[in-house]
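Each remark here refers to the structure printed beneath this line.
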C-alpha cells in the first residue's frame, strides 16, 4: 500500500477545472473538501465508512477472481439548465455523451490501444431512462431556463428547484446528471465538471458538467470535446480517485495497477515519468485532454463494481429497472429520432443512436477485423472499419440479442424502405430478424428473417416499410454452438418516392456534364450528420505545415479534412445530391485529390442506388504533394439514381490533411488514356527513379535502372517502347507503421498472404482483398508478411503500432 492520506481529508466533491486561457484542467478538490467538511463535520466519518467497504470488497473481488460478472446497466436522467439557446443542448449532443460513456466503460472506444496491458472492460453500461419516477414514459431529459451564468460547485444550487435548479429524480434509481451554463468553485472560474463521491448526501448525489464539456457533438469546446469530462466524473461518482492520489509520490488512489505519479498531467504528455515510473496519462482519471484519454484499469473496475454490488453505496442503482419502458416486454421507447432521409449507419464511431434492448439476454458488440472465434464471422466490415455482431461463444448459447433503432419520422405519403448487409457463416448459425413496430404500438412484426450458414460473403437484405413505422430492431437468436456469429453493417433507410411517382431525384441533378469546383460553397453537397467531423472549404494552403495542398487544383477553393487534434481518428463524410442517371447507359466520375504528409489516413468514395452504400474508390497514405486525378466508372449505376459520398478517415497525427477539388460527372464511358493516381508527365514525358506509376492498376515506385514512358492506361513502357514487367522489388506494403488496415502495391487480387511474428509463429493469413488486409487486432510489434504475388513469394517487414 502506498502512503495513505487521512480519510478525514478526502474530498466529498471531486472536481475538475480548466483555466480558459491555458486550456488546461485544474482541480479544486482540496479547497472544496475543506469547505464541505466545515459545513458538515460528520462527513469524514461517512466517507471513511464507505471507503473501508469499497477497499475490502474490491480486494475480495480481485483475490477471488470475481471482478468479471454480469453487465450492469445504469439509467441516466440529464437535467439541462440553460440561460440561452446554445446552452439548451440538443438531444443528439446528450445521446453522444451516453454513447461515449458506453464506449469508454465497455472499452469499445475506437482510440483504445494496448499501451497498458491492465486496461479493462468495466462491464458497466448506461441508458437514458425510459420511465420517470411517476411511471410515465420519458426520454430521460428535463429542461429548465435560468438566468444564472455560473454555478458555485460548493453550493449544489443547480440540484434543487428551491434554489433555481432542478430537483434530482430518485438518486437510488437514476444517475442524475446536470448540464449548466458554467461552473466556479467559490468564485474560481473555469471548472469543467464535478461529482459527489460515494457516502455523500443522497439528495445531492450525481454529476454536474458545463454544457460545452458534455458529449462530442454540438456545442462542445476543444480540447475537452470528446465526452471524457463526464467519463471522468462518473468514475468519481462510482468511487475512483484521481490517478495521482491528489498528492506527491507516495500518495494513493487505492488502486494497485495504476502507477504512482507526483501530480496531474495535462495536455497529452505520453511518456511522462515521475515517481520512478511512466505516468498513465491515458487514464480517464488523469487530467489529460479528451483525445489522449482511453482507459480504465482492472483495479479501477474492482472499485467501481464494489460500489455497485450488494452492500455498495450505489447497489440499488445497479438494480434499477428504469431503462425498461413502462409498457414492459422490452424497449419500445426511443433515445433519438431520425427525420432526415436517406439515413445510413455503418457503426464507425459508435452505435449511432441504436441502443441495446434491456429485455433480452445478450448484447450486440461493435467490432473491426475478424470475430474472436475461427471459422465463423466476417473477415472485416462490409464498409468502413466497423460492424456490429453477436458473439455466439459460450456463455452466449441459446440467448437473444436485440438492437433497437432510433425512432423514425417519415413524411406523409412516403414509401420508405430499408436495406442492410449481413454475414452469417459457421456450422451452427442461429437466426437473424429485422422487426418493426408502428407508431403507438408495442408489438413487433418481422420484416426479414434468415437462419443457418449463408456463406462467408456479406449479403444484402431489403425490406419495404410503411410510413407509420416508428422503430426497427435487429434480433439474433443464438444456438448451442460457438460457430454461429452473426454480423450486420451498412444499414440504409430511404423515404422513397411520394405519391405521383418520379425518378426519386426530384431535387437532384439530371443535366450532364455536371461539375463542382467548391468555389466558396459546397454547392448541393451536404455534411453527413452521422459522422464525427466536417469537411471544410479552403483557399490557399491548409493551416498545418508539411501536409495539405498549397492551393486549389482549379479555381481558388477546394474542400478538405483537417487532420490536426482534436480531429484524430475521426470520420468525415460529405453527401452528394442525387444524380439521375436513368436516361444514360454510361457515366464517369472524376475528381482531383491531394494527400501528403507523414500519417495520411484514407479517402474513399461510396455510392448508393437507394440501398446500402458500396465503396467504388479508395486510396490511403501519402500520395505526394501533387494533385492526382481519380476516374471512376459509374456504368453499373446507369439507368438508375445514384448518390455519392466522400469519406475520409483521419489518423492520430496532424500530418494527414486530405483535399478534393474539380469534381465532374459525365455520361461518357470511362476514359482509357490515363490511370487513377498517375502524376502528370514531366518535361521529358517520362518518369525518374522514385516516381510512382500505375502498372496494371497497381501503384509502384520505379527502381534504379528503370526509365519508362507511360503508354496507354495500365501499361508501362521503356525508352524503346517495350512493355516493362513489374519487378518483384516494386511489391510493397503501406502505410508502415500501420494501425488498422495494411494495403499492398504491385500484386494482383488473386494473391494470398501469411503474417508471422518475429518468433516465426503464424498470426494471420488470407486472401489479399482490394479493401486491404485487416491488422487492427495484432499486438503492437514488428511482423513479417509473406505475399504470394504474381507467381513469386516475397516477404516484407512492417510495424504494427
Considering only helices (runs of 4 or more DSSP H) fully contained in the stretch 11-108, which possess at least 1 residues that are at pLDDT below 90 and within 30 Å of residue 365 (Cα to Cα)?
91-106
So, residue 372, is that one part of a loop (DSSP other than H, G, I, E, B), outside the structural domain of residue 107 (by TED's automatic domain parsing) and within 17 Å of residue 476 (Cα to Cα) or not?
no
Residue 508 being out of contact with any strand residue (DSSP E or B) (no Cβ under 8 Å at 6 or more places or on another chain) and at pLDDT below 80:
no
Could you say whether any residue in the stretch 265-275 is free of Cβ contacts under 8 Å to residues at least 24 places away in the same chain and crowded, with 22+ Cβ neighbours inside 10 Å?
yes
Considering only the stretch 433-460, state which residues are within 16 Å of residue 402 (Cβ to Cβ) and either touching a helix residue (DSSP H, G or I) at 6+ places or on another chain (Cβ under 6 Å) or not in a strand (DSSP E or B) (or both).
442, 443, 444
Go through (1) in contact (Cβ under 8 Å) with a residue 24 or more places away in the chain; (2) touching a strand residue (DSSP E or B) at 6+ places or on another chain (Cβ under 7 Å) one by one and return the number of the condition residue 290 breaks.
(2)
Of everything in the stretch 461-484, what is loosely packed, with under 14 Cβ neighbours inside 10 Å and either in contact with a helix residue (DSSP H, G or I) (Cβ under 9 Å, 6 or more places away or on another chain) or outside any loop (DSSP other than H, G, I, E, B) (or both)? Give them in sequence order.
464
Go through the stretch 527-556 and count every residue that is at pLDDT 85 or above and closer than 30 Å to residue 336 by Cβ.
6
In the set 421, 437, which member is over 23 Å from the mean Cα position of the chain (by Cα) and buried (at least 16 other Cβ atoms within 10 Å of the Cβ)?
437
I'd like to check which strands (runs of 3 or more DSSP E) are fully inside the stretch 139-246 and have at least 3 residues that are in contact with a helix residue (DSSP H, G or I) (Cβ under 9 Å, 6 or more places away or on another chain), touching a residue at least 60 places away in the same chain (Cβ under 8 Å) and crowded, with 22+ Cβ neighbours inside 10 Å.
175-180, 188-196
All but one of (1) touching a helix residue (DSSP H, G or I) at 6+ places or on another chain (Cβ under 9 Å); (2) surrounded by fewer than 21 Cβ atoms within 10 Å (Cβ to Cβ) hold for residue 58, so report the exception by its number.
(2)
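Yes or no, residue by residue, for (1) more than 25 Å from the chain's Cα centre (by Cα); (2) modelled with pLDDT of 90 or more; (3) under 30 Å from residue 138 (Cβ atoms):
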{"position": "308", "(1), (2), (3)": "yes, yes, yes"}
{"position": "318", "(1), (2), (3)": "yes, yes, yes"}
{"position": "337", "(1), (2), (3)": "no, no, yes"}
{"position": "355", "(1), (2), (3)": "no, yes, yes"}
Failed item in (1) without any contact (Cβ under 8 Å) to a residue 12 or more places away in the chain; (2) under 20 Å from the mean Cα position of the chain (by Cα), with residue 374 passing the rest
(2)
Looking at (1) under 18 Å from residue 481 (Cβ atoms); (2) crowded, with 21+ Cβ neighbours inside 10 Å, which is the only condition residue 355 fails?
(1)
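The values are calculated or read from the model by the stated rules, or taken from the named source; none is laboratory data. Small disclaimer: the values here were computed from a predicted structure and weren't measured. Because the Cβ atoms are built from the backbone with ideal geometry, glycine has one as well, and the counts that use them run over all protein chains shown.
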